[in-house]
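Participant: Let me give you the structure first, and then I'll get to my questions.
The values are calculated or read from the model by the stated rules, or taken from the named source; none is laboratory data. All values reported here derive from a predicted model rather than from experimental measurement. As a convention, Cβ positions derive from the backbone with ideal geometry for all residues, glycine included, and neighbour counts pool all protein chains shown.
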Amino acid sequence: MLAATVAGLAHPEDGINKVQRPLVMSFPGKDPIIVAGAGPVGATLALYLAREGFNVVLLEHCETLPEDLRASTFHSSTLDMLDRLELSQRLIDVGLIVRKFQYRDRRTNEIAEFDMTHIADATRHPYRLQCEQWRLNQFCVADLKNYPNAKVLFSHSVVDVNQDADGVNVICDTPDGQKTIRGSYVFGGDGANSQIRQKSGFDFEGFTWPEKFLVISTTYPLDKYLPRLSAVNYISDPEEWCVLLRCNNMWRVLIPTKPEDTNEKLLSEEWVQDRLQHIAPKQGDFVVGHRTLYNVHQRVASTYRKGRVLIGGDAAHINNPLGGMGMNGGIHDAINLAEKFIAIRDGKADDSALDLYDRQRRITAQKFVQDQSIKNKKQIEEKDPDAQRKMQAEMMRIAADPVLSRPVLLKTSMIEVVRDSYQIT
């Protein structure tokens with residue numbers, strides 16, 4: 001009758017055992033699927049499964065959902081998927097629809113502008129949606145409260161996981177000490193430093209770029225300084241490239257940094273103001289909201305499944321953010337995995353469907369997301385002026401032709417890669 005029991009274990013600082021405290025989930029039937037991480041990937045998976053009647057426990061190590069400066073681009077393919085969960089329109093209501101995106105040459109101000117209406121026959125959402133990822137997290141968690149078969153547990157930090165033939169045990173640090181949650185499966189959507197991945201022994205193969213990326217938000221209207229500025233811009237420059245993304249009334253500025261510079265320097269007010277002035281000179285200082293400095297990786301786990309332990313999103317694959325494929329690819333992981341669990345429950349597939357999830361999503365990350373994001377980085381940071389000029393001219397030629405631009409749009413919107421992923425057997 002009881003589907004999940006949480007037992008109090010010894011807290012490392014106590015030296016004594018706490019009284020066992022069963023946590024009653026009120027779930028009849030099978031043990032729940034445990035989802036670690038209430039980010040866009042974990043929250044989407046938890047909501048999809050809850051709507052389908054699965055018992056679900058969503059664990060989040062923070063006390064509340066953070067509102068931080070992370071991904072902000074939702075691609076057409078992702079919005080099509082989120083329609084199933086009645087989430088896309090809510091994101092659209094608080095986001096910014098962008099039908100055209102640009103590749104610009106910072107020195108000449110030449111623009112290659114791609115119009116996404118050219119793929120309107122391939123998607124219900126022929127545009128990019130600029131909207132902070134934390135809004136999706138909030139919508140999902142709010143909706144989960146409507147399902148008695150779902151529980152969201154904040155301040156639950158995963159410290160270990162083990163499995164047996166019948167299920168998994170996830171050990172968490174909580175304000176009341178360590179507790180163990182019993183589940184049928186566990187999904188690690190707990191980010192690049194995933195404890196689920198690390199404690200379960202998944203290899204995370206790849207490399208880290210030497211430079212860090214700095215993301216700054218400002219309310220200054222950059223479009224008033226740069227002519228014909230779209231809300232999504234990739235700006236090439238042999239000296240310092242940048243990416244400018246708009247979210248409603250805020251601009252996000254992404255710039256590379258030098259490996260030899262200290263974090264203190266890169267996050268200092270003086271340095272941040274200097275970089276913004278370099279992009280759009282003006283009188284006085286910019287009003288700066290967030291500033292985030294982070295390492296940039298290109299890694300993919302060697303497998304996305306070990307028995308009853310599965311991973312996805314940043315826990316399974318991380319890449320540089322150029323092209324906005326990280327969060328979107330993670331949401332695609334969540335949708336794919338939910339479909340596999342549903343097929344197993346409905347008798348349309350057996351347990352091997354979870355191995356198919358591994359192949360479809362891992363190969364997709366290896367063959368497309370990693371290759372394309374590395375290509376995007378090399379293209380925007382091209383140091384040879386002649387090579388950059390030729391590249392810009394070619395992009396302008398393609399963008400100006402609806403027929404030539406269509407394959408680019410299908411690829412950058414991740415429509416093509418989603419289709420291809422389901423062809424993997």
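Participant: Checking Arg90 against (1) buried (at least 20 other Cβ atoms within 10 Å of the Cβ); (2) of a type in the set (D, E, K, R); (3) within 16 Å of Cys247 (Cβ to Cβ): exactly one of these is not met. Which one?
Facilitator: (1)
Participant: Next question, about the same structure. Quick one: how many residues across the range 216-247 are on the phi > 0 side of the Ramachandran plot and among the aliphatic types (A, V, I, L, M)?
Facilitator: Result for the range 216-247: 0.
Participant: Does Tyr127 count as buried (at least 22 other Cβ atoms within 10 Å of the Cβ) and farther than 27 Å from Gly307 by Cα?
Facilitator: When the stated conditions are applied, Tyr127 passes them.
Participant: A further question follows. Among the residues of the range 194-224, which ones are in a strand (DSSP E or B), among the hydrophobic types (A, V, I, L, M, F, W, C) and in contact with a helix residue (DSSP H, G or I) (Cβ under 7 Å, 6 or more places away or on another chain)?
Facilitator: Answer for the range 194-224, where residues must be in a strand (DSSP E or B), among the hydrophobic types (A, V, I, L, M, F, W, C) and in contact with a helix residue (DSSP H, G or I) (Cβ under 7 Å, 6 or more places away or on another chain): Phe204, Leu214, Ile216.
Participant: What tally of residues in the range 270-289 results from selecting those that are more than 27 Å from Asn376 (Cβ to Cβ), surrounded by 11 or more Cβ atoms within 10 Å (Cβ to Cβ) and without any contact (Cβ under 8 Å) to a residue 60 or more places away in the chain?
Facilitator: 2
Participant: Here is a follow-up. Can you name the number of the only condition in (1) in contact with a Lys or Arg (Cβ under 6 Å, 6 or more places away or on another chain); (2) in contact (Cβ under 8 Å) with a residue 40 or more places away in the chain that His317 fails?
Facilitator: (1)
Participant: Something else: Out of the residues in the range 230-240 meeting the condition of being in contact with a helix residue (DSSP H, G or I) (Cβ under 8 Å, 6 or more places away or on another chain) and closer than 11 Å to Ile279 by Cβ, tell me which one is surrounded by the fewest Cβ atoms within 10 Å (Cβ to Cβ).
Facilitator: Here the residue is Glu240.
Participant: Turning to a different aspect of this structure: Determine the pairs where a residue that is farther than 11 Å from His332 by Cα, located within the range 356-369, has a partner that is β-branched (Val, Ile, Thr) and part of a helix (DSSP H, G or I) with Cβ atoms under 8 Å apart, the partner being 6 or more residues away or on another chain.
Facilitator: Every condition considered, the pairs that remain are Phe368/Val417; Val369/Val417.
Participant: A follow-up question, please. Is there a residue in the range 302-311 that is assigned by TED's automatic domain parsing to the domain that holds Ala365, of a type in the set (Gly, Ala, Ser) and crowded, with 16+ Cβ neighbours inside 10 Å?
Facilitator: Taking every residue of the range 302-311 in turn, none turns out to be assigned by TED's automatic domain parsing to the domain that holds Ala365, of a type in the set (Gly, Ala, Ser) and crowded, with 16+ Cβ neighbours inside 10 Å.
Participant: Within the range 393-409, identify whether any single residue is under 14 Å from Ser421 (Cβ atoms), at pLDDT 95 or above, not in a loop (DSSP other than H, G, I, E, B) and not charged (D, E, K, R), and answer yes or no.
Facilitator: The answer is no; no qualifying residue exists.
Participant: Can I ask one more? Picking from Glu52, Glu13, Glu60, Glu86, which residue would you name as being at pLDDT below 95 and not polar (S, T, N, Q)?
Facilitator: Details: Glu52 fails: at pLDDT below 95; Glu60 fails: at pLDDT below 95; Glu86 fails: at pLDDT below 95.
After applying the criteria, what remains is Glu13.
Participant: Scan (1) touching a Cys at 6+ places or on another chain (Cβ under 7 Å); (2) part of a loop (DSSP other than H, G, I, E, B) for the single condition Gly191 breaks and write down its number.
Facilitator: Going through the list (1) touching a Cys at 6+ places or on another chain (Cβ under 7 Å); (2) part of a loop (DSSP other than H, G, I, E, B), Gly191 breaks only (1).
Participant: Shifting gears a bit: When you go through Thr303, Thr262, Thr292 one by one, which is the residue that is without any contact (Cβ under 8 Å) to a residue 40 or more places away in the chain and of a type in the set (Ser, Thr, Tyr)?
Facilitator: After ruling out the rest, the residue left standing is Thr262.
Participant: Picking from Thr117, Thr123, Thr108, which residue would you name as being β-branched (Val, Ile, Thr) and under 25 Å from Ile279 (Cα atoms)?
Facilitator: Unique residue meeting the criteria: Thr108.
Participant: Being in a strand (DSSP E or B) and of a type in the set (D, E, K, R) is the filter; apply it to the range 147-177 and report the residue that is farthest from Leu65 (Cα to Cα).
Facilitator: Asp160
Participant: Let me ask another. Looking for whichever is crowded, with 20+ Cβ neighbours inside 10 Å and not assigned by TED's automatic domain parsing to the domain that holds Leu47 here; the options are Met395, Met391, Met327. Which one fits?
Facilitator: After applying the criteria, what remains is Met395.
Participant: Could you check Phe368 against (1) in contact with a helix residue (DSSP H, G or I) (Cβ under 8 Å, 6 or more places away or on another chain); (2) closer than 27 Å to Asn55 by Cα; (3) surrounded by 15 or more Cβ atoms within 10 Å (Cβ to Cβ) and say which number it fails?
Facilitator: Condition not satisfied by Phe368: (2).
Participant: Follow-up question, since we're still on this one. Tell me which residues, restricted to the range 112-132, are out of contact with any Leu (no Cβ under 7 Å at 6 or more places or on another chain) and modelled with pLDDT of 95 or more.
Facilitator: Within the range 112-132, Ala112, Glu113, Asp115, Thr117, Ala120, Asp121, Thr123, Arg124, Pro126, Tyr127, Arg128 meet the criteria.
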